Amino acid sequence: MLDADFFRRWMTATARSVDREAERLTALDSPIGDADHGSNMRRGFTAVTATLEKEAPDTPGAVLTLAGRQLISTVGGASGPLYGTLLRRTGKALGDAREVSEEQFAEALRAGVDAVMTLGGAAPGDKTMIDALVPAVDALGDSFAAARSAAEEGALATTPLQARKGRASYLGERSIGHQDPGATSASLLVAGLVEAAGE
């Protein structure tokens, strides 16, 4: 079973990897976006970890809801609302339970991903974070490690795609040949699950 501590560890692990990979995320964002994805995500997740330390929510749902709220208020651009919606909707789906099973978490995360698709209007193949998140959720039933691999493969697979949503879509065919920064940061979020579980 997964408790509030697990979800706090997930956010902390994600914050560490976003901090480590911030320059790479910005380099990916440079040719097809505003060249600020790394710095925005770093600012957001730094704020998340600081808030979780201060407030220490005691249920999985409360941890994710608070984290999502923090991302919406601190991350610039489209990423804040999208990541914030992902975590808040997942947290809401988990409800007030003190512990949740991996199956319940997988269902809740799927609800979060669906909410992001509704908000951003993106589908798999549009060259967005959805390309990493959908395969990850599909693989979550197997293991966290399988979800991490699926997310990483999904992010890599955005390289030959033409962007159909978001800032990169304005570039048309010039967006082809660049790995999507949002899908890449989404794969870092999924990879954090493995670290949180101590696998």
Pairs where the first residue, in region 19-37, is of a type in the set (Gly, Ala, Ser) and the second is open to solvent by 40 Å² or more (accessible area, probe 1.4 Å) and in a helix (DSSP H, G or I), C-beta under 8 Å, 6+ apart: Ala22/Ser39; Ala22/Arg42; Gly33/Arg167
With criteria (1) at pLDDT below 95; (2) closer than 18 Å to Thr128 by Cα; (3) not small (Gly, Ala, Ser), Met41 comes up short on (1)
Of a type in the set (Ser, Thr, Tyr) and more than 16 Å from Ile32 (Cβ to Cβ), is that true of Ser169? no
Scan region 157-189 for residues that are open to solvent by 30 Å² or more (accessible area, probe 1.4 Å), in a helix (DSSP H, G or I) and under 11 Å from Asp131 (Cβ atoms) and report the count. 0
For region 63-88, the count of residues that are among the hydrophobic types (A, V, I, L, M, F, W, C), part of a helix (DSSP H, G or I) and closer than 25 Å to Ile32 by Cβ equals 5
Output the number of the condition that Pro31 fails; it satisfies all remaining conditions of (1) modelled with pLDDT under 95; (2) within 24 Å of Pro135 (Cα to Cα); (3) not hydroxyl-bearing (Ser, Thr, Tyr). (2)
Here's a check for you: in region 89-107, which residue that is part of a helix (DSSP H, G or I) and surrounded by 22 or more Cβ atoms within 10 Å (Cβ to Cβ) is farthest from the chain's Cα centre (by Cα)? Leu94
In region 115-136, how many are β-branched (Val, Ile, Thr) and open to solvent by less than 10 Å² (accessible area, probe 1.4 Å)? 2
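The values are calculated or read from the model by the stated rules, or taken from the named source; none is laboratory data. Remember, predicted model here, so these are calculated numbers, not experimental data. All Cβ positions, even for glycine, are placed from backbone atoms using ideal geometry, and neighbour counts span all protein chains on display. Heads up: the accessible areas ignore ligands, DNA and RNA and are worked out on the full protein's heavy atoms, side chains in. Shrake-Rupley method; radii C 1.70, N 1.55, O 1.52, S 1.80 Å.
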